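The values are calculated or read from the model by the stated rules, or taken from the named source; none is laboratory data. These figures come from a predicted structure and were not determined experimentally. Methodologically, a virtual Cβ is constructed for each residue, glycine included, from the backbone with ideal geometry; neighbour enumeration extends over all protein chains shown.
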Amino acid sequence: MLNTIVLVVSLILIGQAALSLYLSLYTWMTPARFRKTQAPATFEEPQLTFTALLPCRHEEKVIRQTIGKIAKVNYPSNKLEIIVVTAADDVDTIEQAYLGARDFPTHNIRIVTFTDGPINKPHGLNVALGQSSGQVVTIFDAEDDVHPDIFNVTNTVMLREKVRVVQCGVQLMNFQSHWYAIHNVLEYYFWFKSRLHFHSEVGMIPLGGNTVFMNRRLLNEIGGWDENCLTEDADIGIRLSARGEPIRVIYDPIHATREETPDTLGSFIKQRTRWHQGFIQVLRKGEWRQLPNRGQRILAFYTLVYPLVQGAFTMLWPFSLLLMVFSKLSVPVAMVSYGALYLMGFNLLFSLLALMEFCKSYKLKLPLRTYPVAALGFIPFQLVLGISALRAVWRVFLGQQNWEKTHHKGAHRAEVVEANDII
């Protein structure tokens, strides 16, 4: 009986590890896939009008600089409006936002506030959407560093390829800030560089939280964002996919929007808990069942149920250690049980290689000490993700759906400055 249980669990773990490796390396497998991730080499004349939404809450440390970075993009100011939206009681953020708007008096920059609830990102987005005028609506987080040509990229892709939704790359930058930051940065690198392209090809894509560009009429048709969902981005992506809406994904290091990792481990766990809990919410809503074909529905179910699976895997760790020490398994079963461990080793190896490519692409210094830190932190990072998943399940059980805020201080900006000094 024990041999059977261990064999089944081992095969599941092997399958999960192999699929994770495949998705992480998807775009590197063929030159055609890799080329498709890139932004266009030439741009069309600016035609589309854009509204950039900046939902924020207690972001007085970063919002003024972010407004400036968006206002300085290489796109006609008469075709771009910037809307900062926050709750009316967030006086410090509002003050800094007005200062940011005054820095660019010739630009269309507005600060929109609301007094009703819920006080969260999707509600702020819906409030701002109702006051937007651009043909295309995009979202940036309050700490985002956007590339000056990001609107030219999207304008060109939408005009040439006749698509109404474009997900551009987002990349965490400050990989040296904390031991967990290395793997958090690589998560984003693999997610936006590889995995989202797989989702796009299949036609089932949980969108990223920002630097996603959507036709405003399309947004109004689907009723905007779900204000009760903790992952409103993934939810709206699946709803768009269920309508058969093609979603174009672009990631190259030049044009990726730069962000920071959470500044403490506790903050990271809360952020990841919110994401896991949001995926469970979307799973329970069941709109993924409206996806046109079975393959899309299977991928959606696997993606959304993964927080539960990850939590279950985490609970298996103590039992696995006990089995390694005290159990006597048959030789074939024992050999199979090590398969998942070998695949985890391959995942770690490719993570280290990806870290080298990431630093080379972004012209960042990669100290030698980073390699042992990354290697030693690989399994603890998986455990932290599992703890976050368990915490999400517990919050669902208790009926807790409040928005746990992730604070920002602009650490990614400081790291870029340091890198430029080195170069």
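A few comments on the model shown:
- Here residue 176 passes the criteria (1) at pLDDT below 95; (2) farther than 29 Å from residue 344 by Cβ except the one numbered (2).
- Inside the stretch 241-282, residues that are modelled with pLDDT of 95 or more, farther than 23 Å from residue 38 by Cα and in contact with a strand residue (DSSP E or B) (Cβ under 9 Å, 6 or more places away or on another chain) make up a count of 0.
- A single entry from 203, 278 fulfils the requirement of being in contact (Cβ under 8 Å) with a residue 40 or more places away in the chain, of a type outside the set (Val, Ile, Thr), under 24 Å from residue 128 (Cβ atoms) and in contact with a helix residue (DSSP H, G or I) (Cβ under 7 Å, 6 or more places away or on another chain): 278.
- Hits in the stretch 116-137 (condition: part of a loop (DSSP other than H, G, I, E, B) and hydrophobic (A, V, I, L, M, F, W, C)): 119
- Filtering the stretch 234-261 to residues that are within 30 Å of residue 363 (Cβ to Cβ) and either of a type in the set (Ser, Thr, Tyr) or in contact with a Gly (Cβ under 9 Å, 6 or more places away or on another chain) (or both) leaves 247, 249, 250, 251, 252, 253, 255, 256, 257, 260, 261.
- Counting only residues that are of a type outside the set (S, T, N, Q) and farther than 14 Å from residue 239 by Cβ, the stretch 280-296 holds 4 of them.
- The numbered conditions (1) within 23 Å of the chain's Cα centre (by Cα); (2) surrounded by fewer than 19 Cβ atoms within 10 Å (Cβ to Cβ); (3) of a type in the set (Phe, Trp, Tyr) are all true for residue 358 except (2).
- Of the residues making up the stretch 207-224, not a single one is surrounded by 22 or more Cβ atoms within 10 Å (Cβ to Cβ), of a type outside the set (Lys, Arg), under 18 Å from the mean Cα position of the chain (by Cα) and over 29 Å from residue 362 (Cβ atoms).
- Some residue of the stretch 283-294 being crowded, with 21+ Cβ neighbours inside 10 Å and of a type in the set (S, T, N, Q): no
- Scanning the stretch 360-375 for residues that are touching a residue at least 24 places away in the same chain (Cβ under 8 Å) and either not in a helix (DSSP H, G or I) or not small (Gly, Ala, Ser) (or both) yields 362, 363, 364, 365, 367, 370, 373.
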